[in-house]
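Working notes, structure below.
Derivation of every value follows stated rules applied to the coordinates shown; laboratory data play no part. Worth saying up front: this structure is predicted, and the values here are computed from it rather than measured. Counting neighbours? That spans all protein chains shown, and the Cβs are built from the backbone with ideal geometry, glycine included.
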Amino acid sequence: MTTLQAALSGALVGGMFAVMAAGLSLTWGMLRVINLAHFGLILVGAYLTFELATSWGIDPILTIVLTVPLMFLVGAGLQWAFDRLGVEEFASLLVSFGLLIIVMQTVSNVWSADFQRMDGDVNPYATESVSIGRFVFPAPTLIAFVFAVVIVVAADQVLRRTFAGRALRAFAEDRTVASAFGIDHRRLGMVLAGLSAASAAVAGMLFALGNAVTPSTPFEWIGMVFAVVILGGIGQVGGVLLAGVLVGTLSAVVSATWSPALSPLVLFSAIILALLFRPYGLLTPAARGAR
Amino acid sequence: MMARGLGGFVLAFAALAALAVWREDLGLPIFYLVLASTALFWIAQATSWNVLSGYSGYFSFGQGAFVGVGAYTTAVLGGRHGVDFYLTVPVAAVFSALLALLVGGLAFRLRSFRGEIFALLTLAVPFILAALARVNSEIDGGQGVVVPVAEYPEWLAQFQDFLYLLNLVVAVAAVAAAFAIQHTRFGWALASIRDAEDVAEGLGVATFRYKMLAIAVTGLIGGAAGSLFALQIGFVTVESVFGLTIPLFVIVMSVLGGRAHWLGPVLGAVVIVLIQDRLSASGFEGWNLIVLGAILAVLVVVAPDGLQARLWRRPWQAAVALVAVTGVLAIVDGWGGPLDWFVAGVLAAVAVVLWPGKAPAPAERRPAPSAAVPVPTDVDRGEAAESSGHSGPQLRPNSTIDGEVGEVLVECRDVTRYFGGVRALDGVSLQIRAGELVGLVGPNGSGKTTLVNLLSGALRPTSGSIAVAGRDIVGLAPHRIAHVGVSRTHQIPKPFESMTVRDNVAMAIMFGRSARPLAAAREEAQACLDVVHLRHLADAKPAEINLHERQLLEMARAIATKPKVLLLDEALAGLNPAEIDAAVAVVRRIHATGITIVIVEHLLRVVNQLATRVVVLNQGALLADGDPRTVMNDPDVIRAYLGRHAHARGT
């Protein structure tokens, strides 16, 4: 019973990790940028939600009306710089590692290194929950899951059905050929990176809704989120949701049945196994990926 | 070189050790020694990281894991079981090395393992260890562990002197090890892995073994230094070792200093420690990590090769900047203390060294144009004429080795290879005899390159057997197959970009069937370069030579392994007619030295001229096999190449 409850809650929490991972997975797969700074953007998103709700009294969910456009610009600008400076896949990992550290330290200088959590009067969602049968789900995780489904389905449809989506997939497959067919990868890349950063703003809001946040919180996300990205298959946005649910469930069940401290151990062991046997994602057989 | 270098390390150690032993007599404030201790700790860590990640290019975010294992070993053994500190240091180093071997054993097992995935994997390792330590109350249990203060000799004034000496021992040992590695075949192997790993493996470098050795050295040094770290901080917690601060520091230091040279991490560590110290002292503690992150982000874009290589180019300017800025600040004496002045001088020197300047143009390093064109000898002219197939006494194709065909060298039986559901090769049986020059042709996608990949061990057959010189090679690592006597070139040349043309060839000789020392290998490399007429470019870097020359370099490197059979995979692709004639002459010369050759080629003219026998593949199956004239007139072959109708019209 408690295990089942934990599994279901974990699955919902996995939705939040899917939102965090979606943008990372897409920019890695499509633009060959491994953007560790994505975690910095999520962190800033969480703090902005906290600040806007606390100081200005805006409903926490509605803060994304402000944070999403802002983050879009930041993400697009970052991609512009990466493109202009010719930062390649591996260098992007290092450059964005530097940026992540800068963001985390700046956040710490601005908001202090202490935990910050929205008070109950500005964040009505924190204390609410929904009961379905014998199971109880906290509102923040339910909201996160709904956002996850909406974002992932929307991204998947855009990639499949729109011209820009097809152009991006063509670009990811073969840059030279795609460019020869007149695909303006610069602009598309900036739009994609912008949208990815915008999703980071949403992820930050979702995290702040149910959790206290400190400047070093990204360390807790990195492992979990990369697990989701790799298990889901790099660049495969649909796989991200599946992997998010899987990782969230696994982690919650391990926490409930053994010990919360063991859950990272199980999780990272799972990533290592996945890297060794399914390096191209759960949905892609190793043989196909290798070609 | 080696002996002198290691002698230098002994001298440096003695001089630096004297500072601690006679510190009070010298009137040196303890503060400087504490700072130097920190610098030494980071020199050891950055050097440890650099042996794997700098030399071989496999970036690791997991340095914290080695520090952590070292620190916890010393803390738990010393603090909870009363083991003597000195005994815990080697134990810590060994534990850490074992962990490193475990990580490497997992990560390096996959041949297609990409560097990015390795980096993410190492990112995960410290988190796993942190979780283990938190849960296990024998280790930590979430409480942290107190490290007992070790006893130190009475001829040292303070505990800090003792720490300094310990750090000095480990740091000097680490740097000396990095120096030794760089100047032996171990270092060359790692450099070749960094430049082009699969090529290195194919030339006979046991890449897996060298990567494992490198990660073990990284673990060994990281663990020993981590053990001292525990003593230094006195209280070990999960957060103090398993976070991302340690990897951040070592990466920034090595990237700043330069990763391809043993001195790089040393320079980087000294500069970073000085900056950090001055920032903290000036009340900018909150800016420490911001500055570090910015240095990393900017350096990777602006100067990814780091300080060391550039310092070699501007040593005097750097020295002048250092002395001038420090001197002026000292004379003016309007701000800060001696250390501030010195750090300002160091920063000025760093700026001068990193200042973007005109990189020496490739032309400057390339020999004069007149020398760049090989003067054809009479033999050459004869061969060139022969190869173009127009005139000359040796017009008859395949003249040299005809009739001298020897025993079976390569034996493929029923070789099949699937990619997913696609049959790239389907039941191919083939014999190649010593002395043959086999042309392997077929339409695109017919399985030619797959066959080459199977013969060289880059791929394994799904079923079937392949034997070379009587030895079954299925399942052998490519470097073992190279030692059996198979060598190949790549369609797109993949030279070792950091090495000169001569050293590219010398690599193949050093790691060939009979291992040779570097000096001898360099000498022998000249002969291989002569065969392909590249001697005049021996000192050029691969980036400075053209495609034709790069393809010739591929061949020179391939014959340097002294192969029994040489696989040329479209070695003439993208060349102009004159270059093709020259390359054809080279292939003949190689064949004339007694090397059996399999050449994959689309130009039938070339195949006709060169081959003693032609093998045609179509849709993964053997279509025809025989002497060139017969095969080329085979109706099936014409159909496969030109289509049904062409054949109908043709007959």
Count the DSSP beta bridges whose two residues both fall in the protein assembly as shown, then state the antiparallel fraction as a percent rounded to the nearest 5. 65
Estimated dipole of chain B in Debye, rounded to 20 [Cβ of Lys and Arg +1, of Asp and Glu -1, Cα centre]: 1180
Give me the compactness ratio for chain B, meaning the Cα radius of gyration over 2.2 N^0.38 Å. 1.16
Cα-centre dipole for segment B:144-248 with unit charges at Cβ (Lys and Arg positive, Asp and Glu negative), debye to 20: 260
Whole-Hz Karplus ³J(HN,Hα) for segment B:463-480, in order, using 6.51 cos²θ - 1.76 cosθ + 1.60 and θ = phi - 60°, x for Gly and Pro? 8, x, 10, 10, 10, 10, 6, x, 10, 5, 10, 5, x, 6, 5, x, 5, 5
Taking amide hydrogens as modeled 1.01 Å from N in the peptide plane, which residues meet the under 5 Å criterion relative to A:Val33, leaving out close sequence neighbours? A:Trp28
How crowded by other chains is B:241-253, given as the mean number of beta carbons from other chains within 10 Å of each beta carbon? 2
How would you rank B:98-109, B:253-264, highest first, on the average number of other Cβ atoms within 10 Å across their residues? B:253-264, B:98-109
In whole µm²/s, the translational diffusion coefficient that Stokes-Einstein assigns to segment B:486-562, given a Kirkwood hydrodynamic radius over C-alpha pairs, 10 °C and 1.306 mPa s, equals 134
For B:Arg613, which sequence-distant residues (separation of 5 or more, or a different chain) have an amide H within less than 5 Å of its own amide H, given hydrogens modelled in the peptide plane? B:Leu437, B:Gly439
If you take the charge dipole of segment A:2-217 about its Cα centre, with +1 on Lys and Arg Cβ and -1 on Asp and Glu Cβ, which of A:Gly10, A:Val191, A:Val95 is farthest toward its positive end? A:Val191
Determine the relative contact order of chain A: mean sequence separation of Cα pairs under 8 Å and six or more apart, normalised by residue count, in whole percent. 37
Can you give me the distance in nm between label points at B:Phe284 and A:Leu276, each placed 7 Å from the Cα along the Cα-to-Cβ direction? 4.6
Using a Gaussian network model on chain A with a 10 Å cutoff between Cα atoms, which of A:Met16, A:Met30, A:Met205 fluctuates the most? A:Met30
Run the simple label-point estimate for A:Val191 and B:Ala17 please: 7 Å along Cα→C-beta, distance reported in nm. 6.8
Rounded to the nearest whole Å³, what is the per residue volume of the convex hull around the Cα atoms of segment B:182-277? 117
Round to a whole angstrom and tell me the spacing of the C-alpha centers of segment B:574-625 and segment B:440-475. 17
In whole Hz, what ³J(HN,Hα) sequence does segment A:215-232 give by Karplus (6.51, -1.76, 1.60; θ = phi - 60°), x for Gly and Pro? x, 9, 4, x, 4, 6, 7, 3, x, 4, 6, 5, 4, 5, 4, 6, 5, x
What is the pair-distance distribution P(r) of segment B:2-243, computed from all Cα-Cα distances in 10 Å bins starting at 0, with each bin given as a whole percent? 8, 30, 32, 21, 8, 1
Using only the alpha-carbon atoms of segment A:197-272, report the extent along each of the three principal axes, biggest first, to the nearest angstrom. 36, 30, 17
Added length on full extension, which subtracts the Cα-Cα distance from 0.36 nm per residue, B:Glu138 to B:Asn576: 150.6 nm
Comparing A:Ala76, A:Ala197, A:Ala274, which has the greatest mean-square fluctuation in the GNM of chain A with Cα pairs linked when under 10 Å apart? A:Ala274
Answer in debye to the nearest 20: the dipole magnitude of the protein assembly as shown about its Cα centre, from +1 Lys/Arg and -1 Asp/Glu charges placed on Cβ, is 2080
Divide the volume of the convex hull of the Cα atoms of the protein assembly as shown by its number of residues and quote the answer in cubic angstrom per residue. 198
Segment B:30-66 and segment B:99-156: distance between their alpha carbon centers, rounded to Å: 15
How crowded by other chains is B:294-302, given as the mean number of beta carbons from other chains within 10 Å of each beta carbon? 6
Residue of A:Leu250, A:Leu231, A:Leu66 that the Gaussian network model of chain A assigns the largest fluctuation, springs spanning Cα pairs under 10 Å: A:Leu66
Convex hull (Cα only) mean projected area of segment B:180-226, reported in nm² to one decimal: 3.3
Can you tell me the convex hull volume per residue for segment A:2-217, based on C-alpha atoms, in Å³ to the nearest whole number? 132
What would the Debye equation give as log₁₀ I(q)/I(0) for segment B:423-504 at q = 0.25 Å⁻¹, counting only Cα atoms as equal point scatterers? -1.41
